[in-house]
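Single-structure report; data block below.
The values are calculated or read from the model by the stated rules, or taken from the named source; none is laboratory data. Bear in mind the structure is a predicted one, so any value in this text is a computation, not a measurement. Note that each Cβ is placed from the backbone with ideal geometry, even for glycine, and that neighbours are counted across all protein chains shown.
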Amino acid sequence: MTNVLMTHSVGAGLLRQAGIRMTLARLAVLNVLHEQKEAMTVEEIFNQLQHHNTPLSLGTVYGTLKHLHDAGVIYAHMEQGRKLLYSMQDEQPVGSMGCVTCGKKQSMDDKRILRAVEQACADQGVKLEMYRLNVSVVCEECVEQPKVRVVGG
């Protein structure tokens with residue numbers, strides 16, 4: 001329970017700013033997302049809450065995440081595996097890059113990409129709900145590897 005109280009003022013400020021009531025469930029979920037610093041599935045958030053002895057049901061976690069997302073307090077985006085991932089607004093990576101040769105993945109944190117997507121949505125008169133940019137690349141190490149030629153094959 002000390003974890004929830006540790007970020008109580010941060011969570012309370014976010015909830016107040018969004019105009020929603022402060023509850024133990026909302027503070028606990030915000031605390032888990034704040035501690036992890038990366039996007040998480042509902043199940044991962046639920047497991048962290050259980051680890052911290054925070055007695056919330058899986059249904060409560062789902063409802064809390066939906067409410068926080070609808071209020072604009074947290075991000076939600078669909079991962080390639082068709083799972084919804086949640087993260088704090090200010091910690092949301094713009095997307096990820098994956099090497100097509102070795103499979104190495106890395107996040108993209110250039111906020112100019114996010115601003116460009118938001119502007120494109122505004123230009124079209126639509127509201128951005130969620131997005132995730134996945135870029136296929138050849139990483140620096142794979143580019144630098146010497147090419148092997150097969151002779152006389």
Test result for Arg132, at pLDDT below 70, surrounded by 11 or more Cβ atoms within 10 Å (Cβ to Cβ), of a type outside the set (Asp, Glu) and not assigned by TED's automatic domain parsing to the domain that holds Leu33: yes
Within the range 117-129, residues modelled with pLDDT of 80 or more, outside any helix (DSSP H, G or I) and not basic (Lys, Arg) come out as Gly125, Val126
Selection over the range 38-79 where residues are surrounded by fewer than 20 Cβ atoms within 10 Å (Cβ to Cβ) and assigned to a loop (DSSP other than H, G, I, E, B) yields a count of 10
Answer yes or no as to whether Leu114 is surrounded by 15 or more Cβ atoms within 10 Å (Cβ to Cβ), hydrophobic (A, V, I, L, M, F, W, C), out of contact with any Gly (no Cβ under 8 Å at 6 or more places or on another chain) and at pLDDT below 85. yes
